[in-house]
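Data first, discussion second: the structure below is written as structure tokens.
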Amino acid sequence: MIKNNLIKSAKKIDKFLINFLNRQDKSLLIQPMKYGVISGGKKIRSAIIMSAGKIFNIDQKKLINVCASVECIHSYSLIHDDLPCMDNDSTRRGKPSTHIKFGEASAVLAGNSLLTLAFEIIADKNYNVNPKSKNEIIKSLAFCSGHTGIAGGQELDLKFENKKKSLNQIILMQKKKTGKLFSFCLYAVGVLANKNSKEKKLLSTLGEEIGLLFQLADDFLDIKGSKKLVGKPIKKDNKKGKSTLINLMGYKKATIYANNLKKKILLKLKKHGKKAKDLSDIIEFILDRNF
């Protein structure tokens, strides 16, 4: 059931992105941009936005631009992460990485273009949201994408390789690298729901925790998953000397940590009752997934 819902949600976002890109001035980068953002991927971040929107009765039409912008940011980060100067991965989502398919220079430029496209999608005049909310969403997205978010987290991830780091250092790195974009997902929903600062902060923190859970699940998949199902090389964290919670505390303790984190997140969602069912299902899926 959850997998079918994710597929349906992903198709909606893909359709929106294809239409948006088809309206753009044609350039040589459109093809690698589409290759990086549209084909493949579960688009869990978008599903989280849509599910959180149900809690606050937000029309999906108000959410889809935010979903599409998040997928652009996420895909840009993956394209760059796969580059030889970073994680040097040749496979992503069961197919050649963007730099393998189109060359390094085109991959860098396509990633840069997806990054800027994300903000264009939010700022679009056809996106019928009040200007104050748009500005707040854009500012938050910038904060979560740059040196204080994804980019800063990736830098720490690279710098931490083959070094002994503490629990807090690894959690900080993973919250930046993965957690910040999940944090934005729930924060943006809070903005669109006209929540106050305290409520938006709580949503942001919850999103960060979901992101940390997602990163833990990803690290488990690197150990126990199959390349065919995961769609990218596995067992690479150990080879590269990555600083992960599994490498620090061991598989068993990391599993306990992850399960406790999942329970904490689900407990926070419980107060929203049936409206939070879809989001709770996604949280369960994140840790139990095998792809």
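The values are calculated or read from the model by the stated rules, or taken from the named source; none is laboratory data. Every value quoted in this text rests on a predicted model; they were computed, and no experiment measured them. With ideal geometry, Cβ positions are generated from the backbone for all residues, glycine too; neighbour counts draw on all protein chains shown.
Would you check if there is a residue in the range 82-96 being among the β-branched types (Val, Ile, Thr), within 30 Å of Ser133 (Cα to Cα) and surrounded by fewer than 17 Cβ atoms within 10 Å (Cβ to Cβ)?
no
Pairs, please: C-beta under 8 Å, at least 6 apart or cross-chain, first residue touching a residue at least 60 places away in the same chain (Cβ under 8 Å) and in a helix (DSSP H, G or I) and in the range 196-215, second surrounded by fewer than 23 Cβ atoms within 10 Å (Cβ to Cβ) and not hydrophobic (A, V, I, L, M, F, W, C)?
Close Cβ pairs satisfying both conditions: Leu203/Lys195; Leu206/Lys268; Leu213/Lys262.
Among the residues of the range 57-100, which ones are closer than 29 Å to Asn126 by Cβ and in contact with a Pro (Cβ under 7 Å, 6 or more places away or on another chain)?
Of everything in the range 57-100, just one residue is closer than 29 Å to Asn126 by Cβ and in contact with a Pro (Cβ under 7 Å, 6 or more places away or on another chain), namely Thr98.
Could you give every pair whose Cβ atoms fall below 8 Å, whose first residue belongs to the range 95-107 and is without any contact (Cβ under 8 Å) to a residue 24 or more places away in the chain, and whose second residue is acidic (Asp, Glu), counting only separations of at least 6 or pairs across chains?
Ser97/Asp82; Ser97/Asp89; His99/Asp82
For the range 41-80, what are the residues that are crowded, with 24+ Cβ neighbours inside 10 Å and in a loop (DSSP other than H, G, I, E, B)?
Lys43
List the residue pairs whose Cβ atoms are under 6 Å apart, where the first residue sits in the range 16-27 and is within 22 Å of Lys62 (Cβ to Cβ), the second is outside any helix (DSSP H, G or I), and the two are 6 or more positions apart or on different chains.
Leu17/Ile38
Only one of these is of a type outside the set (Ser, Thr, Tyr), in a helix (DSSP H, G or I), free of Cβ contacts under 8 Å to residues at least 12 places away in the same chain and more than 22 Å from Met1 (Cβ to Cβ): Lys268, Lys252. Name it.
Numbers: Lys268 fails: free of Cβ contacts under 8 Å to residues at least 12 places away in the same chain.
Answer to the selection: Lys252.
Is it the case that some residue within the range 99-106 is charged (D, E, K, R), at pLDDT 95 or above and in a helix (DSSP H, G or I)? So that I can check it myself, show each step before the final result.
Narrowing the range 99-106 to residues charged (D, E, K, R): 101, 104.
Remaining after also requiring at pLDDT 95 or above: 101, 104.
When the remaining residues are screened for being in a helix (DSSP H, G or I), the result is 101, 104.
Yes, the conditions are met somewhere in the range 99-106.
Exactly one condition in (1) modelled with pLDDT of 95 or more; (2) within 18 Å of the chain's Cα centre (by Cα); (3) surrounded by 23 or more Cβ atoms within 10 Å (Cβ to Cβ); (4) farther than 26 Å from Leu269 by Cβ is false for Lys34; which is it?
(3)
May I ask you to list the residues in the range 109-160 that are of a type in the set (Lys, Arg) and in a helix (DSSP H, G or I)?
Of all residues in the range 109-160, those of a type in the set (Lys, Arg) come to 125, 132, 134, 139, 159.
The answer is Lys132, Lys134, Lys139, Lys159.
Among the residues of the range 4-20, write down those that are hydrophobic (A, V, I, L, M, F, W, C), modelled with pLDDT of 90 or more and buried (at least 16 other Cβ atoms within 10 Å of the Cβ). Before the answer, list the steps.
Going through the range 4-20, the residues hydrophobic (A, V, I, L, M, F, W, C) turn out to be 6-7, 10, 13, 16-18, 20.
Of the ones still in play, those that are also modelled with pLDDT of 90 or more are 10, 13, 16-18, 20.
Matches in the range 4-20: Ala10, Ile13, Phe16, Leu17, Phe20.
Give me the residue from the range 165-183 that is β-branched (Val, Ile, Thr) and more than 21 Å from Ala47 (Cβ to Cβ) and, out of that set, surrounded by the most Cβ atoms within 10 Å (Cβ to Cβ). Spell out how you get there, then give the answer.
Here is the first cut: in the range 165-183, the residues β-branched (Val, Ile, Thr) are 170-171, 178.
Narrowing further to those that are more than 21 Å from Ala47 (Cβ to Cβ): 170-171.
Values: Ile170: 22, Ile171: 17.
Here the answer is Ile170.
Can you list residue pairs whose Cβ atoms sit under 6 Å apart, with the first residue in the range 38-56 being modelled with pLDDT under 95 and the second being not in a helix (DSSP H, G or I)? Count only pairs 6 or more apart in sequence or on different chains.
Listed pairs, sorted by first residue: Gly40/Arg93; Gly41/Arg93.
Could you check how many residues of the range 133-163 are touching a residue at least 12 places away in the same chain (Cβ under 8 Å) and charged (D, E, K, R)?
5
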